[in-house]
Amino acid sequence: MTIVNVGVSHRTAPAEILEKLAVPSAELGSPLAQLHAVPGIDEVAILPTCNRVEVYMAASGPVGQVTRAVADLMAARGRVRAGEILRLARIRVGGAAAEHLFSVACGLDSMAVGEDQIVAQIKDAARAARAAETTGPVISGLIDAALRASKRARTQTTISTEGISLARAGLDLAAGHLGGLAARHAVVLGTGSMGKLTARLLREAGVGRLGVASRSPARAAEVAAAVRGTPLAASDVPAALADTDILVTATGSAVPVMRAGQLRAAREPADGRPLFVLDLGMPPNVEPAAGRLAGVTLVDLTALGRHLADLDVPGQIPQVRAIVAAEAAAYMDRQDQAAAAPVIAAMHAQIRQLADAELARLHDRLPGLNEQQRAETAATVHRILRKVLHRPTVRAKEFSAGPEGPLYLDALRQLFDLGTSGARA
């Protein structure tokens, strides 16, 4: 099988396209099942974040065919032409697909370079694929290897400590706008990984009252307790905004959860008090018109991306890239060896079976041989075969690791009439 990655991200597509293609984590089951049902797609996982939608597949079918299936699905969900998806997408195959996921896991491809929220998002994608029963040893192994590469990069370099998360970057803007966060009143709407991180950062910044809202009362209570905040129902948020300084939204909703009209009505008693709204949702959680209300400053992911583009990037990026390259090469070597193993095993088994059949015929023709003589002749034949097969086995492993590995393994299958199928990632 071949690993294929089809990805659309902030590096290749405008925000309005990403908004249309966004897949809330809670809705991953349906597209996963649809793609898994496509002939030639044996395993699949989808990685959706606030600035990317990426599909990773283990495919036995033609790359062009499975890529088109992904584009068609994205087009149908986002009401975008499939040709436009293919124009904006980056398609990576084999080692390039693996190396890209390793880079993503290390934070190199993030809007906020080095951020570690991506690790939790990759784990969430893996869990969703397992729950949908669309993944297997190839994609699960790829994700595990990417997470190991991320752990090594974050342990051996300062990429995480030098980097800045989207949440922290947004709160830095809020602090600059409001003259600091200490003693300010804040509300966080959303209790996923981004919402939890933002609530923690707000508490560490010394905010005064901190409300945590969710559609799930239990989740709101859990996250609020962890940050010494007050749990709120999502429906209670507008009422809480009259004396709030900072509103952060980080939900997986496919439609805005805060309309301009709601915000206008909620702010009427505020008497001109400034409100900084940080929208970390993709698609946006806050209607863009809210940013034009008096006293309201709205920063969404597009504005945050412009801010981050002006910041210095972590200094150890070259070291992280070296780790990614080394880990990806090691992963592909393991995949190549795994692809060669069943072919070599089948070749050895077939020759052993032929030898055993010939020994049985020999012993039938020579009934006078005693048990020791029979055992000695069998041992001699198998010892000769092991010596004969040793060099071809070593060369098979060596050749299978090269760029023409699949061709070489297929030649072995044809020469020995083996029934194994290809398995190169």
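Values in this text are rule-based calculations from the coordinates and carry no lab data. Computed from a predicted model, the values in this text were never measured in an experiment. Because the Cβ atoms are built from the backbone with ideal geometry, glycine has one as well, and the counts that use them run over all protein chains shown.
Just a few scattered comments:
- Sites Arg321 and His382 - FRET efficiency at Förster radius 60 Å, r taken between beta-carbons, to 0.05: 0.75
- Separation of the Ala226 and Gln337 label points, Cα + 7 Å toward Cβ, nm: 3.8 nm
- Modelled spin labels at Lys20 and Phe416, positioned 7 Å past Cα toward Cβ, are 5.2 nm from each other.
- Helical contribution to [θ] at 222 nm, DSSP H n ≥ 4, -39,500 (n - 2.57), averaged over the chain, rounded to 500: -18000 deg cm²/dmol
- Relative to the longest principal axis of the Cα atoms of the chain, helix 166-178 runs at roughly 10 degrees.
- The alpha carbon convex hull volume per residue for region 1-98 rounds to 84 Å³.
- Stretch gain in nm, segment Asp364-Ser30, where the contour uses 0.36 nm per residue and the Cα spacing is subtracted: 114.0 nm
- Cβ-based charge dipole, the chain, positive-most Cα from Leu201, Gly40, Leu263: Gly40
- Long-range Cα-Cα pairs in the chain (distance over 31 Å), rounded percent: 51 percent
- Computed extension gain for Ser60 through Arg148, at 0.36 nm per residue and net of the alpha carbon distance, reaches 29.1 nm.
- FRET efficiency estimate (nearest 0.05) - Cβ-Cβ, Arg273 to Arg306, R0 25 angstrom: 0.40
- Computed over the Cα atoms of region 306-348, pair by distinct pair, the Kirkwood hydrodynamic radius stands at 13.5 angstrom.
- Cα-based helix-to-principal-axis angle, 137-156 vs the chain, degrees rounded to 10: 60 degrees
- Debye, to nearest 20: dipole size of the chain, +1 on Lys, Arg Cβ, -1 on Asp, Glu Cβ: 320 debye
- Taken over region 331-382, the convex hull of the Cα atoms encloses 67 Å³ per residue.
- Note on region 210-354: percent of Cα-Cα distances in each 10 Å bin, starting at 0 and stopping at the bin with the largest distance, equals 10, 25, 20, 13, 12, 9, 7, 3, 1, 0.
- For Lys20, the lysines whose Cα comes closer than 28 Å to its Cα, not counting residues fewer than 8 places off in the same chain, are Lys123, Lys196.
- Helix 317-365 axis, angle to the chain major axis (alpha carbon atoms, nearest 10°): 30 degrees
- Taking 0.36 nm per residue of separation and subtracting the Cα-Cα distance, full extension of the segment from Arg87 to Ala330 would add 84.3 nm.
- Along each principal axis, Cα extent of region 118-207, largest first, Å: 51, 32, 16
- Note: region 287-401, Cα convex hull, 209 Å³ per residue.
- Kirkwood Rh, Cα atoms: Rg over Rh of region 352-417: 1.18
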